[in-house]
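Student: First the structure, then my questions, so here it is.
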Amino acid sequence: MKVVKKKLADLKSPEKNIRLHPEKQITEYIRSIEKNGQIRPIVIDEENVIWIGNGLREAMTRCGYTEAHCLVKTGMSKAEKMKMMMADNRVFDLGVDDMATFDEFILELKDDLDIPGFDEDMLKSFVMDTKEADELISGYGVIAEGRAEEMRDTRAQYERRDAEAAAGAIRYEPGNVPDEVREAAGYAAGYVSEDGRRGYILCPKCGERIWL
């Protein structure tokens, strides 16, 4: 596998792209590039047609880049290229966030939450305690309906991902966690079973999942 540099002006969009790139995504792409540069190659064929990375090319162009690292895939039929594009988008969508680790990252980053793709205030809201939430609301008054709806949607997405992670995890009853699980998890390091599954218990007071 060889990655080469190509002029962005020489790259071509495919006739049809299975993935749309709204302005919001391009904006966040630009933020990511400004912070980290190009961190994945654009995948093209021998005719310089982009099959993976059209949004990245658009963002790099707006950032003033003239060249990009590209992975050139040769000898593929049109059907193989189409399936590669479909697979790249779909396999990425099948990933599920480990919300326990997600929360740990936010807590460890503390106030450094300027992360492309995420709203900083929403990240802070995930880990603030009741007192902080009350102070925030009292300090800013009534939350605009549009903002409140965004917060509800984000929380719903957070809860959905947590539920998806739990669907493939092992549920233990409070006070009845096996010693080997308790020792492996330490309630901090994170427990993973031999078959790669996480473990959790439900808080008897609030019903929230506590990941081991």
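Residues checked against (1) surrounded by 15 or more Cβ atoms within 10 Å (Cβ to Cβ); (2) assigned to a strand (DSSP E or B); (3) at pLDDT 95 or above; (4) not polar (S, T, N, Q):
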position	(1), (2), (3), (4)
5	no, yes, yes, yes
15	no, no, no, yes
21	yes, no, no, yes
30	yes, no, yes, yes
43	yes, yes, yes, yes
56	yes, no, yes, yes
60	yes, no, yes, yes
64	no, no, yes, yes
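Student: Can you tell me which of 34, 28, 23, 46 is over 28 Å from residue 119 (Cα atoms) and either outside the structural domain of residue 120 (by TED's automatic domain parsing) or touching a residue at least 40 places away in the same chain (Cβ under 8 Å) (or both)?
Tutor: Among 34, 28, 23, 46, only 46 is over 28 Å from residue 119 (Cα atoms) and either outside the structural domain of residue 120 (by TED's automatic domain parsing) or touching a residue at least 40 places away in the same chain (Cβ under 8 Å) (or both).
Student: Now for a separate question. Within the stretch 98-115, work out how many residues are within 21 Å of residue 160 (Cβ to Cβ) and free of Cβ contacts under 8 Å to residues at least 60 places away in the same chain.
Tutor: Total satisfying the criteria: 6.
To keep it simple, each residue is scored yes or no on (1) at pLDDT 80 or above; (2) over 25 Å from residue 29 (Cβ atoms).
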| position | (1), (2) |
| --- | --- |
| 70 | yes, no |
| 78 | yes, yes |
| 81 | yes, no |
| 94 | yes, no |
| 105 | yes, no |
| 118 | yes, no |
| 141 | no, yes |
| 144 | no, yes |
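The values are calculated or read from the model by the stated rules, or taken from the named source; none is laboratory data. Quick caveat: nothing in here was measured; it's all calculated off a predicted structure. Here Cβ is always computed from backbone atoms with ideal geometry, including for glycine, and neighbour counts include all displayed protein chains.
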